[in-house]
Amino acid sequence: MWLWGPMGLLLATPLTACVLVAGKHVPELSFVDMLLGTDQVVGVKERLYERLLAGEQDKAVELFDESILETSVVKTYDTILIPILARAEIHWQLRELGDDKHTFILQSLKDTVEIIPQSIHSIICVAATPPTAIMHRL
């Protein structure tokens, strides 16, 4: 069962490291860097849609929050929310997405849109409040 035996145990890590370095520097082997590298290959939109498909609304809200804080509400809606709605609708019409999952995604996004302005408003209010005013509240 042991293909290389003890020598394989000693050589596996250096060989893997060599393949990873080759994947970073040789364009034809870039897929290796994608598989073994630490860089995130999938964008926020894809990760958020995947979280919704997995039924993890809390994680999706976290990703949505991060995107809003990094860019803006309008840009996040334009580049993430609307494409996710379009993708869910297309997958549903192609019968790749069941009615229950489609309804869950739509409801989750609706809830997220209703929750986000409140959380962003509270972050902005705390950030805009002078430290002395916050101390007086405590």
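Throughout, read-outs are computed from the coordinates displayed, never taken from laboratory work. In this text the structure is predicted, and so the values were computed from the model without any measurement. With ideal geometry, Cβ positions are generated from the backbone for all residues, glycine too; neighbour counts draw on all protein chains shown.
Things to note:
- The label-point distance for residue 17 and residue 110, in a model that sets each label 7 Å from Cα toward Cβ, rounds to 5.5 nm.
- Estimated FRET transfer efficiency when R0 is 25 angstrom, pair residue 56-residue 90 (beta carbons, to 0.05): 0.70
- Spin-label model, residue 79 to residue 101: label points 7 Å out along the Cα-to-beta-carbon direction sit 2.7 nm apart.
- Between the residues 52, 64, 79, the greatest Cα displacement towards the positive end of the dipole of region 41-83, with unit charges on the Cβ of Lys, Arg, Asp and Glu, is found for 79.
- Computed from the C-beta positions of residue 3 and residue 42 and an R0 of 25 Å, the FRET efficiency is 0.15 to the nearest 0.05.
- Listed from fewest to most Cβ neighbours within 10 Å, the set 82, 105 follows the order 82, 105.
- Simple spin-label estimate for residue 70 and residue 28 in nanometres, 7 Å along Cα-Cβ: 3.4 nm
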